[in-house]
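The values are calculated or read from the model by the stated rules, or taken from the named source; none is laboratory data. From a predicted model like this one, the values you see are computed outputs, not experimental measurements. Cβ atoms come from the backbone with ideal geometry, glycine included; neighbour counts cover every protein chain shown.
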Amino acid sequence: MPLAIKLTGANRHDVTQLIPLVDAIPAVRGKVGAPLRKPEKVSGDRAYDSDPHRMTLSARAIATEIARRNTAHGSGLGVFRWYVEQALALMHQFKRLRVRDDRDDTVHEAFMVIACAIMCWRRLHSYDRYF
């Protein structure tokens, strides 16, 4: 399930959006009176490799599982990255998001939010069948 989304231009590099995406994650329910305000760890591919960003996340007590550039493949992070790729594939099932015809960013972002809400509802609805 997507925790946070951010609409940017196609020519923006991924690493520039790492910290804003982490900041956009809302507080989640935890112990009574103490909601979780940050993720335990952040996983990413080589596009997110940046020492300043690693230090920023480390200062916030967030562990990083980000592949290093110019290293051999086979780090094992693909197991975790699969969830991100699955979420992107589910978003592309909505034709309006797959091919962007909207010139207005707010309209496209609204459809992204609706798609995320539908994805979350479907996931939670599928869990209801087992309980």
Report yes if Asp49 is out of contact with any helix residue (DSSP H, G or I) (no Cβ under 6 Å at 6 or more places or on another chain) and either modelled with pLDDT of 85 or more or not basic (Lys, Arg) (or both), otherwise no. yes
Here's a check for you: in the range 17-56, which residue that is over 17 Å from Asn70 (Cβ atoms) and among the acidic types (Asp, Glu) is farthest from the chain's Cα centre (by Cα)? Glu40
Can you tell me which residue among Arg81, Arg122, Arg37 is farther than 18 Å from Leu7 by Cα and modelled with pLDDT of 85 or more? Arg122
Listed by first then second residue, the pairs whose first member lies in the range 14-38 and is under 14 Å from Leu57 (Cβ atoms) and in contact (Cβ under 8 Å) with a residue 24 or more places away in the chain, whose partner is loosely packed, with under 12 Cβ neighbours inside 10 Å and among the small types (Gly, Ala, Ser), with beta carbons under 9 Å and at least 6 positions apart or on separate chains, are Lys38/Ala27; Lys38/Ala61
Give the residue, chosen from Arg103, Arg46, Arg60, that is more than 26 Å from His125 (Cβ to Cβ), without any contact (Cβ under 8 Å) to a residue 12 or more places away in the chain and among the basic types (Lys, Arg). Arg103
